[in-house]
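To keep things clear, I will list the structure first and then write my remarks on it.
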Amino acid sequence: MNVNTGIDTGDKYIKTMLKTFKLVDIRRKYNELIEEAIAKNLGYKEFLISLLSTEEEGKQKRRTERNIKAAQFEKITTLEEYDYSFHKYQNMQKIKELSTLEFLDKRENIIFIGKTGVGKSHIATGIGLKACEAGRKVLFENALELINNLSKSAAEGNLKESLARLSKVDLIIIDELGYLKMDREKESIFFQLVRSRYEKKSIIITTNLKLREWDELFTSQLAATAILDRLVHHCHIINMGIEDGDDDSYRIKGKRKEIIS
């Protein structure tokens, strides 16, 4: 009789059951975890905790990866990489507060205002990544592409379905709102998007336009006011303006710092 038969059969049974129960990480690492438990003389309870924590960490990592892929970020940029000293930015504590994601629980919005290159998209993406890591569904969209896609859905008679899909996303990041001029149809669609998320889900907007300049986006000041009323009712407005006379962008200064170093 082959003494290894029982061991081999047991090992096969373990792998089969772990696969059946979709315990991916335990299945991949259980021999390694057993050896570690023996080396550390772990008790049964400690060994069980080790197994469960391994599976939990693995599932969380895969979930985060799925969320980041679904978010469609243009570029992965973290809050930790942002240089807050770039233009003596006074809202560092505010951004740290927003990174806790409490604004999502409160269904609040964020508007980042500043000219091109000051890091609006960087910070918006960084917050979006934090949300992905926390298990939240995120979507990053260029404003022009978002409105064009929704307009196409409306022309095809699918706007209601498109808005319903977007309503399932915890955080929509609308990047570079300010480089398009809306007609009445697109204006109406954008209003419907904002209204559908009002006090339900959060929006982050980056724009180069001050709030008083938003009527440039829409067909009238009345339309701008109707949209802004819902956006800013529960909203954190972050002014990322740089000092007069400083024409360098965050990206340019970052490159110079890299060259100097």
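Quick note: the coordinates plus some simple rules give every number you see, no bench work behind them. Just so you know, these numbers come straight off a predicted model, no measurement behind them. Note that we place each Cβ from the backbone using ideal geometry, even for glycine, and neighbour counts take in every protein chain shown.
Points to keep in mind about this one:
- The residues packed around LYS29, meaning those with a beta-carbon under 11 Å from its beta-carbon, carry a net charge of -4 if Lys and Arg are +1 and Asp and Glu are -1.
- For ILE173, distant residues with modelled amide H under 5 Å away: LEU139, PHE140, GLU141, ILE204
- At an R0 of 45 angstrom, the distance between the Cβ atoms of ILE49 and ASP105 translates into a FRET efficiency of 0.95.
- Between SER53, SER121, SER167, the GNM of the chain built on Cα springs shorter than 10 angstrom shows SER53 fluctuating the most.
- Net lengthening on full extension, THR219/LYS69 (0.36 nm per residue, minus Cα-Cα): 50.5 nm
- Shown for TYR44, TYR179: other C-beta atoms within 10 Å of each C-beta, ranked fewest to most, produce the order TYR44, TYR179.
- SER188-ASP11 pseudo-label distance in nm [points 7 Å out on the Cα-to-Cβ vector]: 6.8 nm
- Each other residue within a Cβ distance under 12 Å of MET17 adds +1 if Lys or Arg and -1 if Asp or Glu, for a net charge of +4.
- Under 5 Å between amide hydrogens, built in the peptide plane, is the criterion, and for ILE111 it picks out ILE205, HIS236, ILE237, ILE238 among residues at least 5 positions away or on other chains.
- Size of charge dipole - the chain - debye, nearest 20, with Cβ of Lys, Arg +1 and Asp, Glu -1, no other charges: 740 debye
- Summary value for the chain: 23 percent relative contact order, contacts being C-alpha pairs under 8 angstrom separated by 6+ residues.
- Mean ellipticity per residue at 222 nm, deg cm²/dmol - from DSSP H runs of n ≥ 4 across the chain, formula -39500 (n - 2.57): -17500 deg cm²/dmol
- Violating pairs (Cα-Cα greater than 22 angstrom) within the set LYS40/LYS61; LYS69/LYS201; LYS22/LYS75; LYS160/LYS186; LYS75/LYS160; LYS75/LYS152: LYS40/LYS61; LYS22/LYS75; LYS75/LYS160; LYS75/LYS152
- Sites ASN91 and ARG212, calculated FRET efficiency, Cβ-Cβ separation with R0 22 Å, nearest 0.05: 0.65
- Extending 7 Å from Cα along the Cβ direction at ALA134 and again at SER167 yields two label points whose distance is 2.3 nm.
- For the stretch 118-215, a simple Cβ point-charge model (Lys and Arg +1, Asp and Glu -1, everything else neutral) yields a dipole of about 320 debye relative to the Cα centre.
- Correct choice for Cα extents along the principal axes in Å that was computed from the model, options [x] 78, 66, 35; [y] 88, 54, 31; [z] 53, 39, 35: [y]
- Residues GLU102, GLU36, sorted so that the one with the fewest Cβ neighbours within 10 Å comes first: GLU102, GLU36
- Extents of the stretch 4-70, taken as max minus min of Cα coordinates on every principal axis and listed largest first, are 46, 26, 15 Å.
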